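**Q** Input: one structure, supplied below.
The values are calculated or read from the model by the stated rules, or taken from the named source; none is laboratory data. As the structure is a prediction and not an experimental result, all values here were calculated from the model. In this analysis, Cβ positions are derived from the backbone assuming ideal geometry, glycine residues included, and neighbour counts consider all displayed protein chains. The area values use the complete protein model at the heavy-atom level, side chains included, leaving out ligands, DNA and RNA. Shrake-Rupley method; radii C 1.70, N 1.55, O 1.52, S 1.80 Å.
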Amino acid sequence: MQRVYNFAAGPSAMPQAVLEKAASEMLCYGNSGMSVMEMSHRSGMYLEIFDHTQALFRELMQIGPEYEVLFLQGGATAEFAAIPMNLMGEKGKADYVDSGNFAHGALVEARKYGTVNVVASSREENYTRIPQIDPAACDPDAAYFYITTNNTIYGTRYPALPETGDVPLVADMSSNILSEVYDIRRFGVAYAGAQKNIGPAGLTVVIVRKDLLGRAMEITPKALNWQKQAEKGSMLNTPPTYAIYMAGLCLEWLKAQGGVSAMEKINIEKAKLLYDFLDQSDFYRPVVTQAACRSRMNVTFNTPSPELDASFAKEAAAQGLCNLKGHRLVGGLRASIYNAMPVEGVRALVEFMQKYEREHR
Ligand SMILES: *Cc1c(COP(=O)(O)O)cnc(C)c1O
């Protein structure tokens with residue numbers, strides 16, 4: 001059987017070495033006589049895996065003791081509700097930047113729990129850039145300021161984090177966490193669903209500054225209450241045990257590659273290969289034209305027609321370059337090139353793009 005280059009946006013490709021390690025431990029982890037999947041989450045053997053994974057995550061993102069790292073479930077979508085429920089507090093209002101479909105989903109959810117002030121939006125421009133934030137539009141008394149650091153569907157990324165003064169910055173990092181170095185101290189909360197750049201689906205990581213705990217609304221479901229989860233070491237109920245184990249293997253792999261800063265260099269190189277090719281071509285058209293706003297994780301582009309887009313994705317898949325079809329909301333094509341996508345995969349894609357252009361122009 002031949003493995004393909006998988007450009008899926010999420011769940012997405014995993015490092016092959018990780019899958020091989022997991023396969024080798026599938027039936028029997030260490031001398032436990034059982035699979036990790038079969039272990040009690042309270043057992044010593046499993047707690048070692050859990051603690052090791054949390055410690056590695058803290059190390060790779062350089063997260064200090066003033067932050068809690070929670071391993072939860074429910075995906076980014078559950079956090080869209082958990083964020084206002086845990087943070088709105090007495091202020092009852094928050095600033096949001098509407099930079100994409102997931103940012104929009106987050107603010108629509110937040111409106112159920114308080115007042116949402118949309119301080120900047122690129123919705124009218126189909127989210128093809130990161131909107132300019134006018135400091136005068138921001139509320140210095142907001143409970144928090146919400147952004148999406150990388151917009152997965154449209155392929156945009158914040159070139160710089162907004163300055164929010166004393167207002168805690170809250171960031172959905174689902175699609176670019178661990179892909180570039182961030183100073184975690186810039187954030188009140190940073191969170192991510194695991195299925196793009198951390199590990200398999202099922203795990204949601206929430207990094208929260210400890211002084212922000214203890215403000216949850218009365219109605220907050222126990223499972224979404226960060227303080228209660230922190231008190232119980234993310235084991236208020238059964239955590240996604242196997243997804244956490246797999247995330248641990250991915251983090252070990254990332255560390256062996258040199259960690260986040262080494263990975264960032266590779267990611268810049270991969271993105272440059274694709275954007276340089278797109279920019280010199282008069283056949284393909286990149287969706288995001290402002291170079292500063294371009295995502296390094298999700299590269300969106302079009303051929304001259306929707307028919308050619310469809311045929312491109314189909315022919316590419318036949319060559320082992322899979323899942324290049326754009327999101328159903330926007331169409332076109334999208335190459336998601338997270339940490340696990342090697343430079344060779346991107347080179348193979350560019351070669352295919354050259355060949356396809358010659359044959360279809
Ligand atoms: C994938 C994604 C989501 C949705 O995550 P779920 O785990 O499916 O809830 C939210 N935000 C961003 C930026 C994403 O890339």
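**Q** One residue is enough: does segment 20-31 have a residue meeting the conditions more than 30 Å from Val287 (Cβ to Cβ), among the polar types (S, T, N, Q) and out of contact with any Ser or Thr (no Cβ under 6 Å at 6 or more places or on another chain)?
**A** The answer is yes; a qualifying residue exists.
**Q** Of all residues in segment 126-168, how many are more than 12 Å from the ligand (Cβ to nearest atom), buried (at least 19 other Cβ atoms within 10 Å of the Cβ) and either outside the structural domain of Ile83 (by TED's automatic domain parsing) or not in a loop (DSSP other than H, G, I, E, B) (or both)?
**A** 1
**Q** Only one residue in Leu70, Leu56, Leu60 is within 16 Å of the ligand (Cβ to nearest atom) and of a type in the set (A, V, I, L, M, F, W, C). Which one?
**A** Details: Leu56 fails: within 16 Å of the ligand (Cβ to nearest atom); Leu60 fails: within 16 Å of the ligand (Cβ to nearest atom).
Just one listed residue meets the conditions, Leu70.
**Q** If you don't mind, another one. Select from segment 59-84 the residues that are open to solvent by 50 Å² or more (accessible area, probe 1.4 Å) and in contact with a Pro (Cβ under 9 Å, 6 or more places away or on another chain) and list them in ascending order.
**A** Gln73
**Q** Let me ask something additional. Can you give me the ranges of the helices (runs of 4 or more DSSP H) entirely in segment 1-108 with at least 1 residues that are in contact with a strand residue (DSSP E or B) (Cβ under 6 Å, 6 or more places away or on another chain)?
**A** Hits in segment 1-108: 44-61, 75-87.
**Q** Would you check if Trp226 is surrounded by 21 or more Cβ atoms within 10 Å (Cβ to Cβ) and within 29 Å of Met37 (Cβ to Cβ)?
**A** Considered against the rule, which asks whether it is surrounded by 21 or more Cβ atoms within 10 Å (Cβ to Cβ) and within 29 Å of Met37 (Cβ to Cβ), Trp226 comes out as yes.
**Q** I would also like to ask the following. Report, ordered by the first and then the second residue, all pairs with beta carbons closer than 9 Å, sequence separation of six or more or different chains, a first member in segment 59-71 that is on the phi > 0 side of the Ramachandran plot, and a second member that is surrounded by fewer than 19 Cβ atoms within 10 Å (Cβ to Cβ) and among the acidic types (Asp, Glu).
**A** Gln62/Asp183
**Q** Considering only residues of segment 85-105 that are away from the ligand (no atom under 15 Å from the Cβ) and either hydrophobic (A, V, I, L, M, F, W, C) or open to solvent by 40 Å² or more (accessible area, probe 1.4 Å) (or both), which is modelled with the lowest pLDDT?
**A** Among those residues, the one meeting the criterion is Glu90.
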